[in-house]
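See below for the structure under consideration.
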Amino acid sequence: MLLIRCPYCEEDRPELEFRNAGEAHIARSANIAGESDEAFETFFFIRSNPKGLHYERWRHVHGCARFFNAVRDTVSDKFLMTYKAGEAKPDAETLKTLGASAAWTNLSTEHLGGRRPARGKGDTE
Amino acid sequence: MASTAQAERRPKLAGRETRHGALRVAMLPPAERMSLRAPAASVAALASALKIRLPNAPRQSAKSGQRTSLWLGPDEWLILDEGGGDPLADCRSVTAVHSAAGISHRNVAIEVSGPGAAACLNSGCPRDLSLAAFPVGACSRTLLGKVEIIIYRTAEDNFRVECWRSFSDYVFEFLSVAAKDVAG
């Protein structure tokens, strides 16, 4: 079972206590009535669905019941970090220090501070 | 003329208990319960009206006489009163912003006590209940099998389990079977 760190309970808790609540950092327009149909569609329906690092909202529904944000690797299912709702999105520099994301995430190998594996003799460009 | 119907309140599973060796699962007597939600600015006024500390850190609880306050979330507490006091009435005079809901009849409490009490709960609750992670006095909302419960560790080998009244058959049976397994 995955252990997810709740930033409000300040401890790792079993995944069963949590619910995913979709992509994080999607701000609703302050003037929603003035939005164009296209802009509203983007806000309402279009999600990034990346293969790799994903910023998500989670809710500790069977614990403190709070919503918080998490950075999860959708390839390895590893949670890189969790942080309280309303806090700024962690920048690439912060994420780089966390490392340990899957080899084929959407971040470049250099970005993750790793080295590209040397190609074997049989490989062709 | 027909006589007036009288509603009679029957406590759920009152008096039930099972024992397996020294491990005991038992229904606790009815208590007054209140779900309290309040922003940080209101906490001092509520604490003085309720005459109990409202802890502001995860898993913390406070006890004062027959009254207990359990931290459930950053702005949420469960207030228990086992001495017949009415926490709702005590909150009535508080003008600071808060939400106090009486849930005395929504919940029932089950006591799990004796050696292996933590193992008994862990049969359906994946939460870490070691003394290091969950010391005496710790409390939290979590899961037991399929239902949400609140656990409160009153002693090293003694837990108070709060669950919804309608789930109490499930929780009681679950814990009874678990106790049998743990006691061997």
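The values are calculated or read from the model by the stated rules, or taken from the named source; none is laboratory data. Every value quoted in this text rests on a predicted model; they were computed, and no experiment measured them. Ideal geometry is used to build each Cβ from the backbone, glycine not excepted, and the neighbour counts take in all protein chains shown.
Summary table
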{"quantity": "All strands (runs of 3 or more DSSP E) inside region B:5-53 with 3 or more residues being closer than 29 Å to B:Asp90 by Cα", "calculated": "B:32-37"}
{"quantity": "Test: residue in region A:31-43 that is within 12 Å of another protein chain (Cβ to nearest Cβ), at pLDDT 90 or above and in a loop (DSSP other than H, G, I, E, B)", "calculated": "no"}
{"quantity": "Residues of region B:37-60 satisfying the condition of being of a type in the set (Val, Ile, Thr) and either without any contact (Cβ under 8 Å) to a residue 24 or more places away in the chain or within 14 Å of chain A (Cβ to nearest Cβ) (or both)", "calculated": "B:Val43"}
{"quantity": "Scope region B:151-175; condition in contact (Cβ under 8 Å) with a residue 60 or more places away in the chain and either surrounded by fewer than 19 Cβ atoms within 10 Å (Cβ to Cβ) or basic (Lys, Arg) (or both); matching residues", "calculated": "B:Arg160, B:Arg165, B:Asp169"}
{"quantity": "Candidate set from region B:99-126 (those that are within 25 Å of B:Met34 (Cα to Cα) and not hydrophobic (A, V, I, L, M, F, W, C)); member that is farthest from the other protein chains (Cβ to nearest Cβ)", "calculated": "B:Ser113"}
{"quantity": "Number of positions in region B:37-77 that are closer than 23 Å to A:His62 by Cβ, touching an Asp or Glu at 6+ places or on another chain (Cβ under 7 Å) and surrounded by 19 or more Cβ atoms within 10 Å (Cβ to Cβ)", "calculated": "2"}
{"quantity": "Residue in region B:98-113 that is surrounded by the most Cβ atoms within 10 Å (Cβ to Cβ), counting only those that are touching a helix residue (DSSP H, G or I) at 6+ places or on another chain (Cβ under 8 Å) and assigned to a loop (DSSP other than H, G, I, E, B)", "calculated": "B:His98"}
{"quantity": "Where a residue in region B:61-81 is touching a residue at least 40 places away in the same chain (Cβ under 8 Å) and its partner, wherever it lies, is acidic (Asp, Glu), with Cβ under 7 Å and at least six apart", "calculated": "B:Asp81/B:Glu32"}
{"quantity": "Within region A:49-78, considering residues that are of a type in the set (D, E, K, R) and farther than 16 Å from A:Ala24 by Cα, the one farthest from the other protein chains (Cβ to nearest Cβ)", "calculated": "A:Lys78"}
{"quantity": "Residue match in region A:81-90 (condition: in a strand (DSSP E or B), within 12 Å of another protein chain (Cβ to nearest Cβ) and without any contact (Cβ under 8 Å) to a residue 40 or more places away in the chain)", "calculated": "no"}
{"quantity": "Subset of region B:127-171 that is within 13 Å of another protein chain (Cβ to nearest Cβ), of a type outside the set (Gly, Ala, Ser) and in a loop (DSSP other than H, G, I, E, B) - its residue that is farthest from B:Lys63 (Cα to Cα)", "calculated": "B:Lys146"}
{"quantity": "Scan of region B:54-97 for residues that are basic (Lys, Arg) and in a loop (DSSP other than H, G, I, E, B), ordered by number", "calculated": "B:Arg59, B:Arg92"}
{"quantity": "Any hit, region A:17-25, residues being in contact (Cβ under 8 Å) with a residue 40 or more places away in the chain and touching a helix residue (DSSP H, G or I) at 6+ places or on another chain (Cβ under 6 Å)", "calculated": "no"}
{"quantity": "Residues (at the interface with chain B (Cβ under 8 Å from one of its Cβ atoms) and in a strand (DSSP E or B)) located in region A:13-27", "calculated": "A:Arg13, A:Pro14"}
